[in-house]
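Following: one structure in structure tokens, then a few remarks.
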Ligand SMILES: *Cc1c(COP(=O)(O)O)cnc(C)c1O
């Protein structure tokens, strides 16, 4: 079969080696504990499931939904946005329903870039920003996110010739994989930078609600004049433990929202109406279930931090997300260390290089696994690496 060059340019699957090792171990009867996936293990709150069931028996759900989302869903989004961020959105023009935020992020370069145009992409970062840019025949410019800068890009270091061709900049705070957060002050800087260079700012806020210790993540749309240049992607996946449901939204600059909607009318036919009904229940219903789930994730974060610090691993303060981004403790790289971790403990962690070259000396661990399994994994890590 003929394979498109754009697909080959995305590159090889980085974890093939680790997958093979995992299979080998499992064949030998090793009980492998997988801490490599960010996918909440806790159930979707019941009132959201009820809304889906009700929506599914509504005959309107059996036909194509409106492309851009139902007005009820987009209004629920706008209301949530006002309550949560004190930002006003026009539901009809500034909100678009997505089949998960990944879908919208992946289609954005199609809406905004010509072949050869540049997208500014965080490194390390969620892999979709880069691969989607390549799929649209755009050129990713990887912005190094140094730990010394709080995993924020040095905007002043981006070369002029790159900026001339740049059409989109992706940002993501709270961040996957580093768990870094950003202040509104940084968002203000990013917005004025984007205005100056006429770049669309695409902020991925999938983890806005996964925060701890009273920390509240800002929206980029709270920045001054943000709607001139910015859109923000949100997901119900992480907040409401709904990764399987495939529902999210993008909000902000009406031109960009509309253009992305136009791409989507040529590709998909919207989010199942019953899922949008469930999304409305999630956004407008009691947020107590979210708080309950956060308490669980926060407890896990505390146990991971304590256990891994006890063996001398360099674990930062984590205010958000369910990820722990760990510098490789022995000076090798993330892939080698992850292989060693897997061989010695049967625990699977993600090599940082999976999120970009700048992640090579790191590994990522996710706490979206049952408490007992997480504790078992931590026990094994402490036993295997405790004596240096
Ligand atoms: C999980 C995740 C997404 C995708 O979320 P969906 O809404 O399930 O598609 C997007 N961005 C980041 C950074 C994520 O970690």
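At a glance:
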{"read-out": "Residue check for residue 260: within 22 Å of residue 74 (Cα to Cα), surrounded by 16 or more Cβ atoms within 10 Å (Cβ to Cβ), more than 16 Å from the ligand (Cβ to nearest atom) and assigned by TED's automatic domain parsing to the domain that holds residue 86", "value": "no"}
{"read-out": "Matching residues in the stretch 182-211 - criterion: being more than 16 Å from the ligand (Cβ to nearest atom), in a loop (DSSP other than H, G, I, E, B) and either touching a strand residue (DSSP E or B) at 6+ places or on another chain (Cβ under 7 Å) or not assigned by TED's automatic domain parsing to the domain that holds residue 102 (or both)", "value": "199"}
{"read-out": "Matching residues in the stretch 120-129 - criterion: being crowded, with 24+ Cβ neighbours inside 10 Å and within 15 Å of the ligand (Cβ to nearest atom)", "value": "121, 122, 124, 125, 129"}
{"read-out": "Residue match in the stretch 287-307 (condition: part of a loop (DSSP other than H, G, I, E, B) and either more than 30 Å from residue 387 (Cα to Cα) or in the same structural domain as residue 217 (by TED's automatic domain parsing) (or both))", "value": "yes"}
{"read-out": "Members of the stretch 77-114 found to be within 16 Å of the ligand (Cβ to nearest atom), outside any helix (DSSP H, G or I) and surrounded by 23 or more Cβ atoms within 10 Å (Cβ to Cβ), listed by number", "value": "95, 96, 97, 98"}
{"read-out": "Residue match in the stretch 163-180 (condition: out of contact with any helix residue (DSSP H, G or I) (no Cβ under 9 Å at 6 or more places or on another chain), in contact (Cβ under 8 Å) with a residue 40 or more places away in the chain and farther than 18 Å from residue 353 by Cα)", "value": "yes"}
{"read-out": "Single residue of 64, 73 found to be surrounded by fewer than 15 Cβ atoms within 10 Å (Cβ to Cβ) and in the same structural domain as residue 277 (by TED's automatic domain parsing)", "value": "64"}
{"read-out": "In the stretch 212-245, residue nearest to residue 368 (Cα to Cα) [restricted to those that are assigned to a helix (DSSP H, G or I) and near the ligand (Cβ under 9 Å from one of its atoms)]", "value": "238"}
{"read-out": "Qualifying positions in the stretch 261-280 - out of contact with any strand residue (DSSP E or B) (no Cβ under 9 Å at 6 or more places or on another chain) and either within 13 Å of residue 239 (Cα to Cα) or outside any helix (DSSP H, G or I) (or both)", "value": "266, 267, 268, 269, 272"}
{"read-out": "Neighbours by Cβ (under 7 Å, 6+ apart or cross-chain): first from the stretch 223-249, touching a residue at least 60 places away in the same chain (Cβ under 8 Å) and farther than 18 Å from residue 106 by Cβ; second more than 7 Å from the ligand (Cβ to nearest atom) and assigned to a loop (DSSP other than H, G, I, E, B)", "value": "227/253; 240/44; 240/45; 241/40; 241/42; 241/43; 241/44; 242/44"}
{"read-out": "Condition check for residue 133: within 16 Å of the ligand (Cβ to nearest atom) and either over 24 Å from residue 67 (Cβ atoms) or in contact (Cβ under 8 Å) with a residue 24 or more places away in the chain (or both)", "value": "yes"}
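The values are calculated or read from the model by the stated rules, or taken from the named source; none is laboratory data. Note that the structure is a prediction, hence the values are computed from the model and not measured. Backbone-built Cβ (ideal geometry, glycine too); neighbour counts: all protein chains shown.
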